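Here's the structure we're looking at; comments come further down.
What follows draws every value from the coordinates through simple rules; no lab data is involved. All of these numbers come straight from a predicted model, not from anything done at the bench. Cβ coordinates were reconstructed from backbone atoms using ideal geometry, including for glycine residues, and neighbour counts include every protein chain displayed.
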Amino acid sequence: MNLLKSFLKFLGLLVVVAFLGWYIGFLSQVKEIGQLKKTPGGSQSDEISAPIRKFPELQDPREVDFKWSYLKRPYELKLTLYKSVYDFYRSGPKEYTYYQNLPANWEEEYYGMFVQQNPIDKTIPDLAAQIKNLAAKNRLTEDQTVELAVSFVQSITYDNERARKIEQNSQNEKPNYPYELLYLQKGVCSDKSFLSAVLLREIGYGTALFEYKDEKHIAVGIQCPIDKSTYNSGFCYTETTQQGHKVGIVPNVSVDTNTAIARRELGAFDSADTQSENIKKLGQAKIYQEKTGKIYNGIIETLKTEARIGTLEKEIASLKQELTPTKSQLDSESKDVDDMAAKMDQLRKSKDYTTYNSLVSKYNSQVTQYKKNAGAYNRKVNVYNQKVAEYNKLIKQFYE
């Protein structure tokens with residue numbers, strides 16, 4: 001009877017956190033609760049003990065082939081994954097529970113569930129070893145090895161269907177562990193960020209997780225020089241949803257797909273440019289699961305290129321603002337010249353030479369002024385197009 005009373009009391013005090021908003025926007029549901037255990041020496045301090053989950057036997061293997069490119073060179077690796085291990089993670093805890101009082105660091109602990117490796121599972125160590133071997137084979141630097149690992153994760157298919165459900169606040173969608181992402185070969189921003197974090201940690205680098213609750217987005221941070229880091233955090237923002245995004249650059253995100261948007265190439269001045277996309281800017285980030293390690297220094301060159309791209313963007317925008325009304329004025333001047341020429345041609349045909357001759361000076365003056373204005377305009381257009389060409393070359397290299 002006393003045991004029953006204790007159990008009922010326990011149920012009354014158990015609280016479950018429904019993790020709302022953040023990068024996926026769903027309410028997670030409780031699947032199981034902790035078991036009671038007595039502390040040695042008494043029964044008054046009963047506490048929660050999480051159910052012990054035994055790592056499964058390796059059954060139903062499948063070989064998964066991953067192919068991607070980095071610096072215009074193809075890469076490939078293979079992993080042997082198991083349905084039994086996939087089921088183990090798929091059925092694992094994906095909700096945060098606490099007893100009586102909500103811990104101040106509950107979000108930190110929640111994220112920890114997904115980036116703590118099971119010591120029996122050698123999948124991530126195997127993956128990290130293969131990436132380091134590929135880097136060594138291709139004579140990549142340490143910074144490039146980081147970028148190779150990032151490009152690997154970026155190349156994994158983004159799960160647009162699941163992302164749409166998440167945007168609709170589906171309560172059935174839950175975050176996936178890194179093993180699930182690898183097994184399914186697709187995932188959303190949370191899944192890919194978790195995989196990046198554990199993979200880069202295994203390679204030896206410090207990592208963190210950047211959470212954008214309002215935008216329902218999450219990214220991984222890689223430890224880098226603090227004066228070059230994102231939000232002065234000591235970690236450089238790293239986008240994982242799409243290929244080509246550089247470490248350290250915070251992108252705009254598509255409202256429709258919640259994926260990062262790469263800069264697109266610009267056309268020459270006055271060319272058709274109708275592309276547009278519904279975008280949102282990432283707001284304030286919260287940073288979790290900070291773990292120190294080796295420092296990525298490739299951000300230094302990236303920021304130099306980013307600064308030049310930013311300068312070109314401003315210069316191109318300024319020139320376009322100046323050239324657009326100038327072109328309208330030149331079109332008007334051109335029409336005036338053509339109208340005057342047509343009028344004089346009519347006078348010549350009608351042999352009204354007196355009126356014709358009286359207009360010659362005015363016509364020549366208009367032509368001279370038009371040519372002068374057109375010459376100045378064309379020189380600025382050339383400058384505009386040169387800047388566009390440099391801009392396109394840089395972003396093409398930037399996102400390769």
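Here the extension length gained between Glu142 and Asp336 equals 63.4 nm, from 0.36 nm per residue of separation less the Cα-Cα distance.
Approximating the spin labels as points 7 Å out from Cα along Cα→Cβ, the Ala129-to-Ser318 distance works out to 5.6 nm. Checking every one of the GluC sites (Glu not before Pro) in the range 240-299 against DSSP loop status and a limit of 11 other Cβ atoms within 10 Å picks out Glu277. Taking the inverse of the mean 1/r over every pair of distinct Cα atoms in the range 61-297 gives a Kirkwood hydrodynamic radius of 18.7 Å.
Residues Asp338, Asp159 in ascending order of nearby Cβ atoms (within 10 Å, fewest first): Asp338, Asp159. Full extension of the chain between Arg348 and Gln116 yields a length gain of 74.5 nm, computed as 0.36 nm times the residue separation minus the alpha carbon distance.
Each Lys or Arg adds one and each Asp or Glu takes one away; over the other residues whose Cβ falls under 11 Å from the Cβ of Arg164, this sums to -3.
Quick one: net charge of Val85's neighbours, Cβ under 10 Å, K/R +1, D/E -1? Computed value for this residue: -3. Counted by Cβ distance under 14 Å from Asn297, the other residues give a net charge of -1, where Lys and Arg count +1 and Asp and Glu count -1. Comparing Val220, Pro103, Leu81 along the charge dipole axis of the range 61-297, the residue lying farthest to the positive side is Leu81, per the Cβ-charge model.
Only one residue of Ala341, Leu319, Gly298 has its Cα farthest out toward the positive end of the dipole of the range 271-400, where Lys and Arg carry +1 and Asp and Glu -1 on Cβ, and that residue is Gly298.
Each label was represented as a point 7 Å from its Cα along the Cα-to-Cβ direction; for Val255 and Trp68 these points are 3.0 nm apart. Working value for the range 313-398: equivalent-ellipsoid semi-axes of 41, 10, 9 Å, each the square root of 5 times a Cα gyration tensor eigenvalue, largest first.
Database remark: amide H of Lys294 closer than 5 angstrom to the amide H of Tyr205, Gly206 (H placed geometrically; neighbours at sequence offset of 5 or more, or on other chains; Pro and chain starts carry no H).
First measure r as the distance between the Cβ atoms of Arg308 and Tyr363, then evaluate 1/(1 + (r/R0)^6) with R0 = 45 Å and state the FRET efficiency to the nearest 0.05. My answer for the efficiency is 0.45.
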